[in-house]
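As structure tokens, the structure follows; a few thoughts come after it.
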Amino acid sequence: MTETDLRQEEYLQRVRVSALRREVFGQSDPSASAELLDTLQAAETELSRLEEAAWAGRDTDPDGAPDDGMPRGDHMVTRQGVAEVRGVGTTGLDARTSLHMAQVPTSIYHLFTRETNPLVSCTIRNVAGRVRRLRIVSFLEGYSARAVDTVEFVGKVTVTQLPTLFPDRLREVTELTSATLNVLVEDLDNGKVELHSTQSVPLLARTTAPLTVRDPSTGRWNDMTRVLGAFVTPNAPAVMSFLREVADHHPKHILTGYQVSEEDVQAQVEAIFAALKARDIIYVNSVIAFSPEEGTATQRVRLPRESLADREANCIDGTVLVASVLEALSLNPAIVVIPGHALVGWETWSGSNRWRYLETTMIGSHTFAEACAAAEEMARRYQWIDEETGIEPRFRRWELRRLRTKEGLTPME
């Protein structure tokens, strides 16, 4: 089977998986049909296999890097934009650039670092046998400052960059739009440009949370789900005001976090459930949607204040809303992401690493016990799959306390 055939089969399988996810997670109780869940999980396993096969056969350059169509060597090849290249035969330098985000996630871009999530990288080989001094510059025209690095080297060097976006320009990005990425490599010894490439890069709307983004240089999907922690906003005025309603549904009308007992922790979570049910917040069926032709898997996410005001939420909206209230109570919540869906978890006692889970889509239609049972069955299933297959993590539990302290992930507001 050719690479083109594999990519087509991968796409068709992704469509099948998306349809199955809608069927499963569109039910009032997503854990209700074990047979349907088995079918979905088998389809997801097949999709993972096809993804691996489709990208394993990509052409590589002599250094073993995927052929991403960017400028290299004595010639120029681009899939988008234009490039000016002075080749290794005339300058003794071979400069190659790679784009690492098929789309720029503007809502969470400021949380990235160039070490972990670079926008672009430039690899340069110096075959001249003497020290060379170069300047590498990248920027999104009209949307970012210039990222600049100066290097002095013999042999080979790779520079990663993440240009800083302008906040005032990002406020205008309310729909999918495009920007031009410029990358320049300048020879500081003679003042000449070794390479200048431009490429059109899509910018995601500010209201969109990318859950995975494809790296065009490798074809792999990079997991971004941890950044959902930025949508957990415990200090937002609407969340803080809502605590009064939560207290009204607690048997003792008090909220104490981890100060009393493990049983009282559960009573506080149940009070959150009851207060949201009293608010009549309805579930809107909007599962995670992959767009492989656009290079991203995205989800429109309401901030907790918006969900409280609109009185509606999809699975991720409900998860970040409940997590926000839990964190406001000084409890330790977790965002749990499984393929096509999200749950909220909470640590049953501080530092215990014992967790319970809640299916937020069942708040308006089921009891607290039923919503917990459904979530815990889903968590059990996907944890078991991870342990048995070892292919890729399908159960991702992002503990808010760790995201805040270890990764510096702060609330969006």
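Where a number appears in this text, it was derived from the coordinates with a stated rule and is not lab data. Remember, it's a predicted structure, so these values are computed and weren't measured experimentally. Neighbour counts are summed over all protein chains in view; Cβ atoms, including those assigned to glycine, are modelled from backbone coordinates with ideal geometry.
Here the spin labels are modelled as points 7 Å beyond Cα on the Cα-Cβ line, and at Ser352 and Ala19 they lie 4.4 nm apart.
Counted by neighbouring Cβ atoms within 10 Å, the residues His341, His110 run from fewest to most as His110, His341. Amide H contacts for Asn332 (H built 1.01 Å from N in the peptide plane; partners 5 or more residues away or on another chain; cut-off under 5 Å): Glu347.
Look at (i) 21.7; (ii) 20.3; (iii) 31.4: the one that is mean projected area of the Cα convex hull in nm² derived from this structure is (i). Label positions at Asp5 and Glu407, each projected 7 Å from the Cα along the C-beta direction, are separated by 4.0 nm.
Applying the criteria of a DSSP loop state and at most 12 other Cβ atoms within 10 Å to the GluC sites (Glu not before Pro) of region 303-373 yields no site. For Val301, the shell of other residues with beta-carbons less than 15 Å away shows a net charge of 0, using +1 for Lys and Arg and -1 for Asp and Glu.
When the chain is modelled as a GNM with alpha-carbon springs shorter than 10 Å, which of Asn117, Asn126, Asn314 fluctuates the most? Ranking Asn117, Asn126, Asn314 by mean-square fluctuation puts Asn126 first.
Enclosing the Cα atoms of region 225-405 in their convex hull gives a volume equal to 119 cubic angstrom per residue.
Taking the helices alone, the chain has a mean residue ellipticity at 222 nm of -10000 deg cm²/dmol, built from -39,500 (n - 2.57) per DSSP H run of at least 4 residues and averaged over all its residues. Ordered by the count of other Cβ atoms within 10 Å of each Cβ, fewest first, Ile254, Ile335 give Ile254, Ile335.
Distances between placed amide hydrogens fall under 5 Å for Arg356 paired with Trp346, Thr348, all partners being 5 or more residues away or on another chain. Per residue, the average separation of C-alpha pairs within less than 8 Å and at least 6 apart gives region 225-405 a relative contact order of 22 percent. Going by neighbour counts of Cβ atoms within 10 Å, the residues Met101, Met240 line up, fewest first, as Met240, Met101. Over the chain, Cα pairs under 8 Å with separation of 6+ residues give a relative contact order of 14 percent. Only Lys, Arg, Asp and Glu carry charge here, each on its Cβ (+1 for the first two, -1 for the last two); on that basis the chain has a dipole of about 1100 debye about its Cα centre.
When the chain is treated as a Gaussian network with alpha carbon springs shorter than 10 Å, the biggest mean-square fluctuation among Val185, Val325, Val131 belongs to Val131. Convex hull volume per residue, computed on the Cα atoms of region 155-207, equals 111 Å³. Amide H contacts for Leu211 (H built 1.01 Å from N in the peptide plane; partners 5 or more residues away or on another chain; cut-off under 5 Å): Ala297, Thr298, Gln299.
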